[in-house]
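The values are calculated or read from the model by the stated rules, or taken from the named source; none is laboratory data. For clarity, every value in this text was computed on a predicted model and none was experimentally measured. Note that each Cβ is placed from the backbone with ideal geometry, even for glycine, and that neighbours are counted across all protein chains shown. Ligands, DNA and RNA are stripped out before the accessible areas are found, and what is left, the full protein with its side chains, is counted by its heavy atoms. Shrake-Rupley method; radii C 1.70, N 1.55, O 1.52, S 1.80 Å.
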Amino acid sequence: MEGSRLELSVVTENKAKGVEALSILAGLGVKARLVLMGKQEIQSESLEEIALHAARVAYATLRKPLLVDDSGLFIEALNGFPGPYSSYVYKKIGVRGILKLMSGEVNRRACFKTAVATIIPPLEKVYTGETCGEITLEPRGEHGFGFDPIFIPENSKRTYAEMTLEEKNRISHRYKAYKKMVEDLKTKYKTI
Ligand code: IMP
């Protein structure tokens with residue numbers, strides 16, 4: 001990779017997540033493109049394991065430097081649920097289902113976590129990021145995707161869905177993981 005500029009393929013089946021990832025990477029000065037591809041998820045309690053497995057499967061097809069990110073919402077009062085099962089739970093019960101599970105619950109604390117697995121031969125590496133905050137009583141906001149309308153990050157009064165993409169990308173769990181990744185890659189590749 002020395003000499004030529006590294007281009008990362010962001011592999012995901014979720015277009016909204018991919019668009020967000022590209023925007024973060026552009027802000028961090030990294031050349032990237034979106035590859036929409038079905039994700040092979042293993043069942044695991046670990047976002048890192050899930051992301052790395054999916055990245056290896058994607059690399060077997062793509063054979064180009066890539067990243068896969070796996071994220072989840074960990075709600076304290078639900079013992080970390082839906083966590084690594086966030087994608088399944090979102091599809092089955094959505095934000096309304098989570099609010100129902102949280103009905104009457106005073107402890108609203110939750111954290112979004114991201115694990116981003118990169119495969120840039122010969123290296124494989126996983127970086128993590130976390131942003132904590134609270135689950136709202138009602139969905140609020142039109143931006144973003146997934147659980148954005150019910151999550152208020154710390155030090156904010158607005159949900160992720162009430163923020164612009166740029167605002168979310170300054171503080172999000174995903175931004176923190178990608179920033180660590182880019183800082184690390186910059187120590188390895190002069191031309192990133
Ligand atoms: P994935 O497996 O990383 O695609 O994400 C799991 C689920 O968590 C997705 O279906 C989304 O509903 C949710 N999710 C992941 N990242 C975010 C985020 O940044 N905001 C809101 N929901 C998210």
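Below are the figures for this structure:
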{"read-out": "Residue tally, condition in contact (Cβ under 8 Å) with a residue 24 or more places away in the chain, out of contact with any Gly (no Cβ under 9 Å at 6 or more places or on another chain) and open to solvent by less than 40 Å² (accessible area, probe 1.4 Å), over region 79-107", "value": "3"}
{"read-out": "Pairs, first away from the ligand (no atom under 13 Å from the Cβ) in region 144-165, second among the small types (Gly, Ala, Ser) and not in a helix (DSSP H, G or I), C-beta under 8 Å, six or more apart", "value": "154/133; 156/133; 158/141"}
{"read-out": "Some residue of region 109-119 being assigned to a helix (DSSP H, G or I), away from the ligand (no atom under 13 Å from the Cβ), modelled with pLDDT of 95 or more and open to solvent by 30 Å² or more (accessible area, probe 1.4 Å)", "value": "no"}
{"read-out": "Residue check, residue 100 away from the ligand (no atom under 13 Å from the Cβ) and assigned to a helix (DSSP H, G or I)", "value": "yes"}
{"read-out": "Check on residue 56, open to solvent by 50 Å² or more (accessible area, probe 1.4 Å), more than 13 Å from the ligand (Cβ to nearest atom) and under 15 Å from residue 39 (Cα atoms)", "value": "yes"}
{"read-out": "Hey, residue 170 within 15 Å of the ligand (Cβ to nearest atom), open to solvent by 80 Å² or more (accessible area, probe 1.4 Å), farther than 30 Å from residue 7 by Cα and at pLDDT 95 or above or not", "value": "no"}
{"read-out": "Complete set of residues in region 1-43 that are within 16 Å of the ligand (Cβ to nearest atom), open to solvent by 50 Å² or more (accessible area, probe 1.4 Å) and not hydrophobic (A, V, I, L, M, F, W, C)", "value": "13, 14, 15, 27, 38, 39, 40, 41, 43"}
{"read-out": "Any hit, region 132-143, residues being out of contact with any helix residue (DSSP H, G or I) (no Cβ under 9 Å at 6 or more places or on another chain) and assigned to a loop (DSSP other than H, G, I, E, B)", "value": "no"}
{"read-out": "Residue check for residue 126: part of a strand (DSSP E or B) and crowded, with 19+ Cβ neighbours inside 10 Å", "value": "yes"}
{"read-out": "Cross-chain or 6+ apart pairs with Cβ under 6 Å, region 12-35 first and among the aliphatic types (A, V, I, L, M), then assigned to a loop (DSSP other than H, G, I, E, B) and within 11 Å of the ligand (Cβ to nearest atom)", "value": "16/145"}
{"read-out": "Filtered residue count, region 129-143, keeping only those that are closer than 30 Å to residue 60 by Cα and either modelled with pLDDT under 95 or open to solvent by 20 Å² or more (accessible area, probe 1.4 Å) (or both)", "value": "1"}
